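Here the structure is laid out as structure tokens; the discussion comes afterwards.
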Amino acid sequence: MPSLSNPVKAVFFDLGWTLVYPPSGDWEFTEPAKKLFRWDVYATLPEERRVQGRKAAYDTFRPRHKMATLEEEYQQNLDYYGEIARLFPELGATRQNIEVAALEKVYQPQHTFGIFQDALSTLQALRGRYKLGVISDTWPSIRPVLDAFGLTPYFDCFTFSFELGCFKPDRRMYEDALAKMGLPPEECAFIDDGVKNLQGAQAAGIQPVLITAKPGAEECPPGMASIQTISGILELLA
């Protein structure tokens, strides 16, 4: 099994499917939002149409992802759910449905996020032995989520896509994280559930670790270290 090179002095974490997960199985649609958008009807639509529609709606975020406030995030989610309603008229989503889904996504994130049961214990074991950071594609509402789960104090630095206006595997994400961490890339490891994100980190000199906690996780490329759950990093580092 591939391992990490020594010495590792810092560990960067992705958030989604690494430390936290969506209880509904869907980052954009919580269980209440699925009811608003008639997910039983959505499930009957052709898969190709669903995939293309979701991608088209999600792409509305990309050109204006750089933001600073919850209000900006709310406005973007209004556009996202509005686009879903337009692309899938069979769902019968009303303007009120769109507004409620956007409000919940931004201002009631307890329905969007759950924390893996070994996340806190793993961070507790690492804290003080390694510097810890976050590299995540996310939105301003993540800050109160991290505070609510008690995760914020464990980290030395954060790199969030909404602050830079770009997504992994854009090299700027890794350069920002390394600059904040203040260590050479070869002394840092990065845990993520996306192979492309890890390959981007690897291109920046960071040691990649694929986590496979997500259902239907990607296959680990040859030579890349992998763990099944976040606590696996303890054995890998040892």
Hey, residue 34 hits all of (1) within 16 Å of residue 102 (Cβ to Cβ); (2) part of a loop (DSSP other than H, G, I, E, B); (3) among the basic types (Lys, Arg) but one; which does it fall short on?
(2)
Among the listed residues 118, 147, 137, 156, identify the single one that is at pLDDT 95 or above, of a type in the set (Asp, Glu) and surrounded by 19 or more Cβ atoms within 10 Å (Cβ to Cβ).
137
Scan the stretch 188-206 and report the pairs whose first residue is open to solvent by 10 Å² or more (accessible area, probe 1.4 Å) and whose second residue is of a type in the set (Asp, Glu) and in a helix (DSSP H, G or I), with Cβ atoms within less than 7 Å and a gap of 6+ or a chain change.
204/175; 205/186
Return the pairs, sorted by first residue and then second, in which the second residue is outside any strand (DSSP E or B) and hydroxyl-bearing (Ser, Thr, Tyr), the first residue lies in the stretch 150-168 and is free of Cβ contacts under 8 Å to residues at least 40 places away in the same chain, the beta carbons are less than 6 Å apart, and the residues are 6+ apart or on different chains.
160/138
Taking residue 66 as the residue in question, decide whether it is of a type in the set (Lys, Arg), surrounded by fewer than 16 Cβ atoms within 10 Å (Cβ to Cβ), assigned to a helix (DSSP H, G or I) and under 18 Å from the mean Cα position of the chain (by Cα).
no
Looking at 131, 168, can you tell me which residue is under 13 Å from the mean Cα position of the chain (by Cα) and either of a type in the set (S, T, N, Q) or crowded, with 18+ Cβ neighbours inside 10 Å (or both)?
168
Qualifying position, being closer than 18 Å to residue 145 by Cβ, open to solvent by less than 80 Å² (accessible area, probe 1.4 Å) and not in a loop (DSSP other than H, G, I, E, B), among 102, 57
102
Tell me, please, whether a residue that is surrounded by fewer than 17 Cβ atoms within 10 Å (Cβ to Cβ) and outside any loop (DSSP other than H, G, I, E, B) can be found in the stretch 15-30.
no
Any residue at all in the stretch 81-89 that is in contact with a strand residue (DSSP E or B) (Cβ under 8 Å, 6 or more places away or on another chain) and assigned to a loop (DSSP other than H, G, I, E, B)?
no
Within the stretch 210-226, the residues that are under 12 Å from residue 18 (Cβ atoms) and either open to solvent by less than 10 Å² (accessible area, probe 1.4 Å) or assigned to a helix (DSSP H, G or I) (or both) are 210, 211
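The values are calculated or read from the model by the stated rules, or taken from the named source; none is laboratory data. Predicted, not measured: the structure shown is a model, and the values here were computed from it. All Cβ positions, glycine included, derive from the backbone under ideal geometry; neighbour counts span all protein chains shown. Surface accessibility is based on the protein's heavy atoms, side chains included, excluding ligands, DNA and RNA. Shrake-Rupley method; radii C 1.70, N 1.55, O 1.52, S 1.80 Å.
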